[in-house]
Every structure is written in C-alpha cells, then in structure tokens.
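The values are calculated or read from the model by the stated rules, or taken from the named source; none is laboratory data. Quick caveat, the model's predicted, so the values are computed rather than measured. Positions of Cβ are backbone-derived with ideal geometry, glycine not excepted, and every protein chain shown enters the neighbour counts.
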Amino acid sequence: MKKYVFLLGVGLMSLTYGQETNVEELKKLGDQFQIEHEANLKFISEIAAKKGWDEAQLKKHFLGKYGDYLVYIDNTDIDQIKVADVDKLYDNTISGVAVTGEGMTVYQWDGGRIDTAHTEFTDDRASNMESAESPISDHATGVAGIMVAAGVSPAAKGMAPSANVVGYDFYNNLNEIVTESANNLEYMISNHSYGYQAGWKYGEYDQSLGEGWYWFGYPSMDENESAYHGIYSTLDSYIDNIARNAPQHLMIKSAGNDRNTGPGTAVEHAVLGDNDEWEISSTFRPVNCGTTGYDCLPYGAIAKNILLVGSTNQVAGNGRYNGPSSVSPSVFTSFGPTDDGRIKPDVVTQGSSVVVPTANNGYWSQGNGTSFSSPSVTGIAVLLQQLYYELNTEYLNAAELKALIINTTNETGDYPGPDYKYGFGLVNAFNAANLIVDETNNDAIIINDVKAISEKSYALTATGDEPIRATLVWIDPAKNPGSLSFELNGRTPMLINDLDMRIIEDSSLTEYMPWTLDVENPSAAAVPGDNVLDNVEQILVPSPSAGSYTLTVNHKNGISGITQAYALVVSGAKLSTQSTNDLQAKKVGIYPNPVRDILNLSGLEGDAQVQIISANGQIVKSEKVSNKQVNVNSLPAGAYIITIKDETGATAHKFIKK
C-alpha cells in the first residue's frame, strides 16, 4: 500500500507576514480597534441624544462608522451531517480513527449569548464571554448547536458533538477577535454568522420612521443597485489584516441571505441620502441582485483570507451527494462575484431546513440561512484539525485548512470548476479526512514559502486513475483602507501578492492553468487561464496520463513583504521520490534562539552566504560564513530573519536578538 506524503517544511518566513502569529502586531491592532469602538459608542450616543432615540435600541443594529461606511449589522439567518458525509468521521471509517471534536475548542461571534443550560451542551461545553447585559439569543444558541450539539435530539446533532464552544456577541468583534487570536497560538477556528446590511432589509433602522422596508444604498449612485454589495470595505481590510498576522486562525463566515430580498413592488420605504440620513421614497426598486442573483455579497463578507460559505437546500435523493444535479442553492443565499471579480463564496453546504436548539426553553426549531451553513463547515474544520493532530501531533495553519476543505469539495453547478453560486463546491468532510489519512489515495499536502526572487517546483507522479486537483492558498496582505474608494462595481483588483501555479505534463509539455471566471459574464463556465484576482488558485487535470508532472509556484510583480507563505494541497498525484528526498533532506537550522551573541548554523553543506533582515525589511548584515557561526552581538534587540544559502539551496529562519 502507498502512503500519503505529508511535507511540513519551514521555509522563508516574513517577520510580520509568515507562518507565525505576530502577537505584537495583533496587540497594536486591538488597541486601534478599541479606540474606534469607543469613538463609535460616543458617536451612537450623540445620534441618540440628537434625535431623542432609545440608545440601547439603536445599538442593537448600528455599530457606527468605519471609513465611509455607516455599519448596520444583523444575524444571517440529521441532514447537514449526511450532506457533508460527516458521520463517516465518527465511527472509525477513516483508517480506524474516530473524531468527534473531543478536547477541541471553537469560537463564535454572534448576536448574543448562547443558552449554555440547553441539554445539547452537556458537560459545560458551551461558555459565554459576554456579561448578562448581552441577551441570550436563539440565533447564537442555534449556531453553537450546529457546531457542537451533543445530539440529545438526533436531528440536531452538531458536526463536532464533543467539542467546546466559546461565544461572544458581535458588538466589539474586531478587538475580541484580535485578543483571542493572540491567545490561541497553535490553532484557532471561529464562526461568524452575521452580516452588514446591503440592499433591502425589513426592520426598524430609524426610530423616527419605525418598522418597514429600508434600502441600504444611495439612489444618487444608482436607483436599483446598492453599492454595498460586492465592495471590499474598510471592515474587510481589517479582517484581512488580522488573518495576515494570525496565520493559525481560520475565520469562517456566512455569505449572507440578501438574494431575492425586497418588497417586489413599489412601496414607501427609506433610502440613504447623500448626507447619510434616511429619506422616504416610493420609487420602485427590484429585489436584491435582480433576476440573476449575482453580485449579492454584502460588504464585510468580501475579505480575501476568510472561508466564505454559501447555502444549499437539502441534497436531493437520500440526503447524500449524488452528482452536481443533486445540489441546488437556497433561495436566499448570496451569490458572488465580488466587485473585483474574485471567486466567492468559497464553498457551500446545507443551510435550509436545519434543526437547531433554541434558547430559554430547552426546545428545538427548524431554521434557514447561511447562518446555519457556515457553522456546519466550522464544525467540520474542527474535526479535520483534531484528526490531523492525532496523526501528526501538530495542527494545520489557516491556509492549509482552507486549501484542504476547498480541494476536497464535491462538484456543483452546471459546468466543471468553480462558479459564483457555489464557489469551489459542496464541502465533504469524508473526502477531506481521506486526503489526510487514507493510505490508498496517495495524495500530498505540501507547505512551503515562496521566495521573492525564485520559482518553486515540485515533481509529481500520477497513476492516471483519477483527476489531478491542486489548490494553492495564501494569506494575502490587506488592501490599505486609505486606498479604498466607495464606488459602484469598482473593478480594481484587491490582490496584493499575485502567486501563480502551473502544472506541466513532462512528456508532452502540456501546460495546465488555474480556473478563472469572468466578472462581466458571471454565469459563464470557468475556464483555465492566468488568475490575477484570487488568493486561491485551483488546477484540474481531468484525465491525466500515468507518468510525471511538474507543479510550479511563482509570482509576478514582486512580493509585498519579505516573502509570501502559501499552502498547497494536491490530490490524484504524489510527490516523486526526488522531490520528497529534496524537501526532507533540507534541515538547515539555527540555535540558540533567542540569541545574545553568537548564532550557530546547523546542517550546512560547506560555506554559506548569510543575510540578516530587520523588521522594516532592511538588510543589516550580509556575509560569507565558513565556520557555521554568525556574530549578532552588534544588532539591536528585536526580531530578525536570517536567510542562509549554501550549495543545496536557501532557507530562512526567524530569530530574536536579546
């Protein structure tokens, strides 16, 4: 039998943007977010006083102003288990290993506190971090249940029924996310089943006008389409910055329920004027996102580095996947693309007709919404982390986990490849677990870093028995909020570091390229091409010949930061012996770390050229080393990267100078 190859190489790491959590930068972000939060609390108080409104009521849906955005927030309201084949992870089906989430913890930010007394949360597995001022919430309780409910009601059993859940409300979410990211250095998975308002919404968002239809958009920009759909906002930039500095933390978010929302007829409603005040209008506006449903993702769901989850109906037939035609989108789920054309949502799973626990009475109810598809995937991610740790005694980072989930989805939609309705497909926990442990599949997980000046190549061997599928994911730097403009359907790419993946069949020199989609023709089939928009690239070789292939990872237009870490997941092919030996043999190391005077180098083959790079990207030392030692006594205290190049290649390490 042939075994999976797991290569967990440590290559070049950026001080701020590598594979280690940057606690110092996270603390700075936390301070910044807390200042903004307090300023917005003051802003809300001033509005309430000026208008004579109930401040507590205003705070329920209004978070203040971030950049150019008045931010209104709300929730995005045993079938799921079968749809994603999760039950096969419970019963030793996967190589004799059963995982239920025991000993694992998942976080959620939602509209209130979890009802921790519900019988589904046995053994004190659910806890709240908010005070009693935050109300117990049906929605928060249901979301937690989808992730970790014990299964007292079998239909409501959670994905990870033995895991723990820690709950926050979403009113100061940015600062809290930063704090927990800095405290959970090995792994962190969090669910975010809430959304920021875009387009039509029924409720009370102006206490003077009362309950009714509100249209979150600016008629002066467009009478029918809200600029809040598809736009990369200040909040998306903030989330990407957190993810960049916390590469162990995968944030999983609901895509939103905006599609088809609206009165559908000409009714009196409120719209935003150019002065950001609500105004009464009777103009007819179509339901959100028109007849096609595309371009329906609200801002705040547009970040590059999250895993965005859309919703499907229950799979047709016996509840298990049976081909693309067995999967259909929920009537409410928001479709992509983003305004710059990126492939979102990333994945989908069932969010319709879901049984969940409810608050205060110990009962259950049936709910619908991407709010309930997102925690399903979050619970699956917890199981995959547990399984990976049991086999490898370490956890996947966020990019690896995201790549694993995307690479193992079931095909959906009318055409092969991703689309703007389903993303890369229907999540399948069994496929993902098999990629980790099944000794018969011969798949490979590869983790490395791309240097700013070179291409990385991997020699692959395919049996020809199944397609080759390769998924490349990297945590891209955030777009600077100061460079963002509030415009309708702006096409400026949000991608900063543009990595490129290619697969070449060695015998014929046939080149295979990643999937691309057309933002101007969103219903069209995906086609292979040069993807210049996404920080997720996937290549499919549908009918490979048995033999050797070369997979390359390169970049264009330089790298922001010293390097760019990436995760690569490949199925349908294995690393050749040469690639495996090359990667495993490269064990150049440094010690001691932290260091005061002399830094020792181990594993060198002869002389080496050494460069030391400071936190601001400056080369502060460059020399040839023949005695396997580098004197760092003269360097100021702080964090540095040392790059070491000998006759076998180059590596890099982060070290701390005392």
Mind checking which pairs have a first residue in region 20-41 that is outside any helix (DSSP H, G or I) and a second that is surrounded by fewer than 19 Cβ atoms within 10 Å (Cβ to Cβ) and of a type in the set (A, V, I, L, M), Cβ under 6 Å, 6 or more apart or different chains?
21/185
Just for region 589-609: of the residues that are closer than 16 Å to residue 657 by Cα and among the aliphatic types (A, V, I, L, M), which one is surrounded by the fewest Cβ atoms within 10 Å (Cβ to Cβ)?
598
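Could you identify the single residue in 149, 198, 126, 163 that is in contact with a Pro (Cβ under 7 Å, 6 or more places away or on another chain) and either among the charged types (D, E, K, R) or at pLDDT 95 or above (or both)? Don't jump to the end; show me each part of the working.
Details: 149 fails: either among the charged types (D, E, K, R) or at pLDDT 95 or above (or both); 126 fails: in contact with a Pro (Cβ under 7 Å, 6 or more places away or on another chain); 163 fails: in contact with a Pro (Cβ under 7 Å, 6 or more places away or on another chain).
The unique qualifying residue is 198.
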For region 503-533, what are the residues that are crowded, with 19+ Cβ neighbours inside 10 Å, closer than 19 Å to residue 456 by Cβ and either under 23 Å from the mean Cα position of the chain (by Cα) or among the aliphatic types (A, V, I, L, M) (or both)?
503, 514, 531
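Table: residues versus (1) within 26 Å of the chain's Cα centre (by Cα); (2) under 29 Å from residue 83 (Cα atoms); (3) part of a strand (DSSP E or B).
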{"position": "235", "(1), (2), (3)": "yes, no, no"}
{"position": "238", "(1), (2), (3)": "yes, no, no"}
{"position": "261", "(1), (2), (3)": "yes, yes, no"}
{"position": "296", "(1), (2), (3)": "yes, yes, no"}
{"position": "303", "(1), (2), (3)": "yes, yes, no"}
{"position": "308", "(1), (2), (3)": "yes, yes, yes"}
{"position": "311", "(1), (2), (3)": "yes, yes, yes"}
{"position": "315", "(1), (2), (3)": "yes, yes, no"}
{"position": "320", "(1), (2), (3)": "yes, yes, no"}
Please go through region 102-130 and pick out each residue that is crowded, with 24+ Cβ neighbours inside 10 Å, in contact with a Lys or Arg (Cβ under 9 Å, 6 or more places away or on another chain) and over 18 Å from residue 364 (Cβ atoms).
111
Within region 617-637, residues being farther than 11 Å from residue 597 by Cα, among the hydroxyl-bearing types (Ser, Thr, Tyr) and in a loop (DSSP other than H, G, I, E, B) number 1
Would region 543-565 turn up any residue that is at pLDDT below 85, of a type in the set (S, T, N, Q) and under 22 Å from the mean Cα position of the chain (by Cα)?
yes
Can you find a residue that is at pLDDT 95 or above, of a type in the set (D, E, K, R) and surrounded by 17 or more Cβ atoms within 10 Å (Cβ to Cβ) anywhere in region 277-288?
yes
Anything in region 330-342 that is under 15 Å from residue 423 (Cβ atoms), of a type outside the set (Val, Ile, Thr) and modelled with pLDDT of 95 or more? List them, or say none.
334, 335, 336, 337, 341, 342
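With the structure loaded, tell me whether residue 370 is modelled with pLDDT of 85 or more and hydroxyl-bearing (Ser, Thr, Tyr) or whether it fails that test. If you could, list the steps in order and put the result at the bottom.
Values: modelled with pLDDT of 85 or more: no; hydroxyl-bearing (Ser, Thr, Tyr): yes.
When the stated conditions are applied, residue 370 does not pass them.
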Hits in region 175-187 - residues which are more than 23 Å from residue 138 (Cβ to Cβ) and surrounded by fewer than 23 Cβ atoms within 10 Å (Cβ to Cβ):
175, 179, 180, 182, 183, 184, 185, 186, 187
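Yes or no, residue by residue, for (1) over 30 Å from residue 66 (Cα atoms); (2) of a type in the set (Phe, Trp, Tyr); (3) in a loop (DSSP other than H, G, I, E, B):
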| residue | (1), (2), (3) |
| --- | --- |
| 131 | no, no, yes |
| 140 | no, no, no |
| 144 | no, no, no |
| 147 | yes, no, no |
| 155 | yes, no, no |
| 159 | yes, no, yes |
| 162 | yes, no, yes |
| 165 | no, no, no |
| 168 | no, yes, no |
Selection from region 468-487 of residues that are surrounded by 15 or more Cβ atoms within 10 Å (Cβ to Cβ) and either touching a strand residue (DSSP E or B) at 6+ places or on another chain (Cβ under 9 Å) or not in a loop (DSSP other than H, G, I, E, B) (or both):
468, 469, 470, 471, 472, 473, 474, 475, 476, 477, 481, 486
Going through region 612-631 one residue at a time, which ones are surrounded by 11 or more Cβ atoms within 10 Å (Cβ to Cβ), more than 23 Å from residue 25 (Cβ to Cβ) and not basic (Lys, Arg)?
622, 623, 625, 629, 630, 631
Here are some residues: 430, 424, 486. Which one is at pLDDT 95 or above and closer than 30 Å to residue 331 by Cβ?
424
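When you check residue 110 against the structure, is it closer than 30 Å to residue 327 by Cα, modelled with pLDDT of 80 or more, in contact with a Gly (Cβ under 7 Å, 6 or more places away or on another chain) and of a type in the set (D, E, K, R), yes or no?
Working: closer than 30 Å to residue 327 by Cα: yes; modelled with pLDDT of 80 or more: yes; in contact with a Gly (Cβ under 7 Å, 6 or more places away or on another chain): yes; of a type in the set (D, E, K, R): yes.
Judged against the criteria, residue 110 is a match.
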